[in-house]
Structure formats: structure tokens, C-alpha cells
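Colleague: This is the structure I have questions about; it appears just below.
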Amino acid sequence: MNITIRQIQSFLNVAALGSFTRAAEKMHTMQPALSQQVRDLESELGIRLFDRTTRRVELTEGGAEFRNIAAKIIEDLEAATRNAHELAERKRGRVIVAAPPLLASAVVPRAIADFRNKYPGIDVRLIDARTDQIVESVRSGQVDCGLGTFHAGEEGISTTLLGRDSLMVFCTSSHPFAHRQAVNWRELEGLPLITLTRDSGIRLLVEVGFETALIRLVPAYEVAQITTALAMVEAGLGIAVLPTYAWAGARGMKISATILSPGIARDIAMITRTGRSIAPAVSAFARFLAKSINISAPRAAATKQPQSGGQRHIGKPISQRPRKG
């Protein structure tokens, strides 16, 4: 079968107007060309669609039955085309994003709010989950994208860099570190340290910083959540080394954050499933995520990069031990 959309449109216009001449005028074509389109359609279908006389054109029984089906085909095609254009123009769509709890609370809501202001027809759903769950959800197609810090070379995963964060020392506002431009890792030696548990990727980076500075890491407290660590810092129980975006969880607290030197940085990325085209809505949302990440860092002088000492970028897994993000 080799029926074309043009043939169906020609047939429907003749049926609606009762005239080959008027149908040709509506379609901005020559009447002989339109007549040929209808004859070709009749040949493909194996039935006569119109009874033609010198004065009128009428649908045959088979033509009337085919008209109902053909009209639905054109209607569905126009709807599909319209929907595709709306998706391409970001007038409608859906984005399901997964993020770890702190990023889900500190970064994503601002991005969703700004995104919805510009694209009100696109629905955004947020799922907060562990990093390993995010990777698996993206890989299986349960979510459109994931946000966080991920190991390089995850199978079936494509990565788009959105921003970077650095490790900072969080302390009370009255602590000697509070108004410093930078703090050297060696200055942490002997201070009461609040760390995340050893299944955290952040803890791994802290260990790297201590090992590089040739000092022992002896936690005073170990907790599973960044928000708990921040609350303990505010209570004066110690200092904590956490990523830049943790500052968003410290809003309203009497806490300061100061960059560590030499710096240790890591990528905050959006991941999608390899081999799956990124929807226009997801691509647009990524830009809003990047903007939200960049404005979630503290604005204090402590965020300035130190003039001396390089920054170490952790781009690949240092250990093969399974870690949370």
C-alpha cells in the first residue's frame, strides 16, 4: 500500500466541497493534479470513492465509509504534529528528576520555580533518593534525569556538567575560622570534627584532604545526614568539612563556611540514559539547574578562592568501595 497524506487530503476536500474545482482552489493546486491524486487513491483502495456527473460529485457508499476513517487519520496526524511542535517549543511536556536529599531541597526547588515561570505547560516531578538509586532510576528509564555527584564511567549513563563545588569548613560564627579567607587543612588537626559516615562519598573526599595534609582524621561524631552535621556545628559540638552546596542547608543558622586550601573540588552533574534522546524540556531544565547550583553557594568572603595553593579536582573514583553520594 502506498497511500499518501496528500491523496487523503485531496479526497477529504472534494468530499467536503462537492467539487474538484473548488477543492483544487482550496489546496492551491491545479484541478487535473488533484483529480489524479484521487484516482491514485481509488486505485490503491480498489474502490470508487465518488460518483461523478457533469454537474455534481457525490460520495459512493465506500467513499462515505472511508471518509469517516480518513478524517480521523488526518485529525490524529494533525494532533500528533501539533504536540510534537509544542514539545519542541517547550510549550508542554514532563520532566522527572531525581536528586539526593540536600540537593533536592537546596537546589532543585528554586530551579523548578524559575522553570515553571518560563514554561508553565511543562510538569516537573522531583524524587529525592540516594545516589545509587538515582543512577539505577536513570538507567532503567524511571526518571528522565538525575542530579548529583557520580563516579566516572557509569555504564549506560551520560553526564552533563552543571557546576562544581568545593569542600569548605563549617563552624560557628564565633569560631576563629569564621572570618578567614581560607583555612589550611593542617589547621584542622586536633579539632573536634563532625563527619559523615564512611559510606558517604563526601567522607571519602574529607579523608583525601586529611591524608594529603598528613594529619590523622579522628571524628568526634559521625552522622548520616548533612543537615544533622550542620545542626551539631551550630550547637558548638565541633567543625564539619562539607561541600559548598551544604550552605543552603545552613540558612538561618549561626554558622560560617570557609574554603579549604589546597582546595578539593568535584563536579555536580546531570545524568541521563545513554542512547536515549534528551527531550527538549529536559535540556531546558538543565540550564535552570545549573543556574540554581551557581547561586546556592555562600556569598561571604569565605567563598573566595585562596591566592595560594592549588585546587584538586576529584573527577574519578579514588576508591572502589561502594559509597553514597
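The values are calculated or read from the model by the stated rules, or taken from the named source; none is laboratory data. Because the structure is a prediction, the values reported are computed rather than measured. So basically every Cβ, Gly included, is an ideal-geometry build from the backbone, and we count neighbours across all protein chains shown. When the accessible area is computed, the model is the full protein with side chains, heavy atoms only, and any ligands, DNA or RNA have been set aside. Shrake-Rupley method; radii C 1.70, N 1.55, O 1.52, S 1.80 Å.
Colleague: Between 0 and 90 degrees, rounded to the nearest ten: what's the tilt of helix 61-88 against the longest Cα principal axis of the chain?
Modeller: Approximately 20 degrees, to the nearest ten.
Colleague: Can you give the helix-only mean residue ellipticity at 222 nm for the chain, where every DSSP H stretch with n ≥ 4 adds -39500 (n - 2.57) and the sum goes over all residues, rounded to the nearest 500 deg cm²/dmol?
Modeller: On the way: 10 runs with 126 residues, N = 325.
Estimated from H runs of four or more residues: -12000 deg cm²/dmol.
Colleague: Related question: Could you state the accessible area per residue of the chain in Å², with a 1.4 Å probe and every protein chain left in place?
Modeller: Values: 16870 Å² over 325 residues.
Per-residue accessible area for the chain comes out at 52 Å².
Colleague: For a protection proxy built on the mean count of beta-carbon atoms within 10 angstrom, sort 268-274, 36-42 highest first, please.
Modeller: On the way: 268-274: 21.4, 36-42: 18.1.
With the highest mean Cβ count within 10 Å placed first, the list reads 268-274, 36-42.
Colleague: Something else now. Among all lysine pairs in the chain that are eight or more places apart or on different chains, how many have alpha carbons less than 23 angstrom apart?
Modeller: Values: Lys26/Lys72; Lys91/Lys118; Lys91/Lys291; Lys118/Lys291; Lys254/Lys304; Lys291/Lys304; Lys316/Lys324.
Close lysine pairs under the 23 Å cut-off: 7.
Colleague: Related question: Give me the number: length gained by fully extending Ile47 to Arg251, i.e. 0.36 nm times residue separation minus the C-alpha to C-alpha distance, one decimal in nm.
Modeller: This chain segment gains 66.0 nm when fully extended.
Colleague: How much FRET efficiency would the formula 1/(1 + (r/R0)^6) give for Thr60 and Arg82, where r is the Cβ-Cβ distance and R0 is 30 Å, rounded to 0.05? Display every interim value, and only then the final one.
Modeller: Working: r = 32 Å, r/R0 = 1.06.
With a Förster radius of 30 Å, E is 0.40.
Colleague: So what's the angle, to the nearest 10 degrees on a 0 to 90 scale, between helix 108-118 and the longest Cα principal axis of the chain?
Modeller: Its long axis makes an angle of about 30 degrees.
Colleague: What is the extension gain from Thr227 to Ile127, computed as 0.36 nm multiplied by their sequence separation minus the C-alpha to C-alpha distance, in nm to one decimal? Numbers along the way, then the final one.
Modeller: Values: separation 100, 0.36 × 100 = 36.00 nm, distance 1.83 nm.
34.2 nm is the gain from fully extending Thr227 to Ile127.
Colleague: Further, regarding this structure: Say a paramagnetic label sat at a point 7 Å from the Cα of Ile73, along Cα to Cβ; which residues of the stretch 1-37 have their backbone N under 12 Å from it?
Modeller: Hits in the stretch 1-37 for Ile73 at 12 Å: 1-12.
Colleague: Mind running the shape call on the stretch 9-90? Use the C-alpha gyration tensor, a ≥ b ≥ c as the square roots of the eigenvalues: rounded below 1.5 for a/c, prolate if a/b tops b/c, oblate otherwise. Numbers along the way, then the final one.
Modeller: Working: a/c = 2.51, a/b = 1.75, b/c = 1.43.
Prolate shape, in that a/c is at least 1.5 and a/b is the bigger ratio.
Colleague: In Å, the Kirkwood hydrodynamic radius of the chain over pairs of distinct alpha carbons? Write out the running numbers ahead of the final one.
Modeller: Working: mean 1/r = 0.0417 Å⁻¹.
Hydrodynamic radius (Kirkwood, Cα pairs) of the chain is 24.0 Å.
Colleague: When the accessible area of the chain is computed with all protein chains present and a 1.4 Å probe, what percentage of it is carbon and sulfur? Display every interim value, and only then the final one.
Modeller: Values: 8420 of 16870 Å².
So the carbon and sulfur contribution to the accessible surface is 50 percent.
Colleague: A further question on this structure: What FRET efficiency do you get for Ala220 and Leu161 if R0 is 35 Å and r is their Cβ-Cβ distance, rounded to the nearest 0.05?
Modeller: Details: r = 35 Å, r/R0 = 0.99.
Approximately 0.50, to the nearest 0.05.
Colleague: On a 0 to 90° scale, report how tilted helix 5-17 is relative to the longest principal axis of the chain, with both axes built from alpha carbons and the result rounded to the nearest 10.
Modeller: 50 degrees
Colleague: Moving on. Where the centroid of each part is defined by its Cα atoms, how far is the stretch 110-137 from the stretch 240-288 in Å?
Modeller: Answer, in whole Å: 14.
Colleague: With springs only between Cα atoms under 10 Å, which of Ser283, Ser19, Ser140 fluctuates most in a Gaussian network model of the chain?
Modeller: The residue with the greatest mean-square fluctuation here is Ser19.
Colleague: Sticking with this one: Give, rounded to the nearest 20 debye, the magnitude of the charge dipole that the chain has about its Cα centre when Lys and Arg contribute +1 at Cβ and Asp and Glu contribute -1 at Cβ.
Modeller: Numbers: 41 positive and 30 negative charges, 155 e Å.
Using Cβ point charges on Lys, Arg, Asp and Glu, the chain gives about 740 debye.
Colleague: What does a probe at Ser105 reach in the stretch 254-277, counting residues whose amide N is under 19 Å from the point 7 Å along Cα→Cβ?
Modeller: Label zone hits: 254-257.
Colleague: So if each residue of separation counts as 0.36 nm, and I subtract the Cα-Cα distance between Gln36 and Ala284, what length gain in nm does that give? Each step should come with its number before you reach the end.
Modeller: Values: separation 248, 0.36 × 248 = 89.28 nm, distance 4.60 nm.
Contour length minus the Cα-Cα distance gives 84.7 nm.
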